[in-house]
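The values are calculated or read from the model by the stated rules, or taken from the named source; none is laboratory data. Predicted model only: the values in this text are computed from it and were never measured. All Cβ positions, even for glycine, are placed from backbone atoms using ideal geometry, and neighbour counts span all protein chains on display.
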């Protein structure tokens, strides 16, 4: 069986073998990252009026060569993006958020998903979106780790050398037809950066935008049945296939405990009451309130930040990225149990200001669903990445019962500054009734939190959630 399906059309060509819809035949099989004990998410972020960047990839215990390969791939893309935008990036404006960009700033966004996590094999797919001013496009790369060899492999290593490359190239050229340009498919490892599997065990050969088809074609991918691809696989490829289609993924890459992300220690309990004053909600019309907010998490640093807040019985609001929240359900539950507020920071941290309504809705709804699944309820607050919003975003948010929330102060905690500098800037920027933007993926920020909370308390501030600050104005339930 073989199918060629551009994602934008939802239709394709295939022989009759499976009963599932054609539109799903090239859908990539993905694994819940929660099945991998100890998995952490690394992020690279950067934003300013002229340049937006968010990149994430997983760190899988016992698969360090894969982590190194992913880090190298992401860092290479970031360096190229920074070089391409060096002439237009004027640095960050310390007073104004990037909402004024109108969604037109150059953007780099790297998303990840697990394509396998079973036995000694793990697969990670990176999807990179880049926009440089005139048009945008996606590139797709999938890397595989094989514990048998102890190596990270590019997708082309799933094939049996030149023989496998030649045969796969012929198959793809024969079936690509009018959907793309068969002449662009060469028997070269670089021609096949992403070989993955769907839920039925078919091999999905996917191409980056502009490589074998015009931009209007959208994502172009070919699905091959086992009778077609099995003879082409290497030993690594066979192990990757078996791991990808495992009914119950059971990674054995490291001897990590299932509860690798601890809940609060008994010696560091969460606040017994939802506010330091012991009341259900502080009266910010009378109290000197300020809301600390943390974007882009959760991540490995979030646990340390939560410890610091718990020791001081201080509350905050966490605007989480759905893709990371999916990997940290225990941390999400800990945030909620401690009396902090969770807000929606979209699923993939894309600049919503340039997206159509359907994609805006999808990106927001996905995070709503992640948090609803983990907590039984969805957030009521939305913070668009980079503060980039417009009428479309406002309409979608309103239809979901979400209130958009920006910030009144950005101390700038994403650079190379140390904890002391971040603490100084945060305290200096705080104002009664203010909302302060920080990031819980940044180690020095977590280190700065004890001093921030202590100094603000010493100045008479009450640290509250955003909904505390906006009491009586926020919808009761999210969409």
Members of the range 324-341 that are outside any helix (DSSP H, G or I) and out of contact with any strand residue (DSSP E or B) (no Cβ under 9 Å at 6 or more places or on another chain): 326, 338, 339
Test of understanding: among 200, 189, 213, 152, which residue is modelled with pLDDT under 95 and within 17 Å of residue 244 (Cβ to Cβ)? 200
Collect the residues in the range 355-392 that are touching a strand residue (DSSP E or B) at 6+ places or on another chain (Cβ under 7 Å) and over 21 Å from residue 439 (Cβ atoms), keeping them in residue-number order. 368, 380
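For the range 315-352, how many residues meet the condition of being without any contact (Cβ under 8 Å) to a residue 40 or more places away in the chain and closer than 12 Å to residue 385 by Cβ?
Initially, the range 315-352 is screened for residues without any contact (Cβ under 8 Å) to a residue 40 or more places away in the chain, giving 335-336, 342, 346-347.
Now restrict to residues that are closer than 12 Å to residue 385 by Cβ: 346-347.
Qualifying residue count for the region: 2.
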Kindly establish whether residue 384 is under 20 Å from the mean Cα position of the chain (by Cα), surrounded by 16 or more Cβ atoms within 10 Å (Cβ to Cβ) and at pLDDT 95 or above. yes
Would you please name the residue that is modelled with the lowest pLDDT, looking only at residues in the range 342-364 that are part of a helix (DSSP H, G or I) and within 23 Å of residue 441 (Cβ to Cβ)? 353
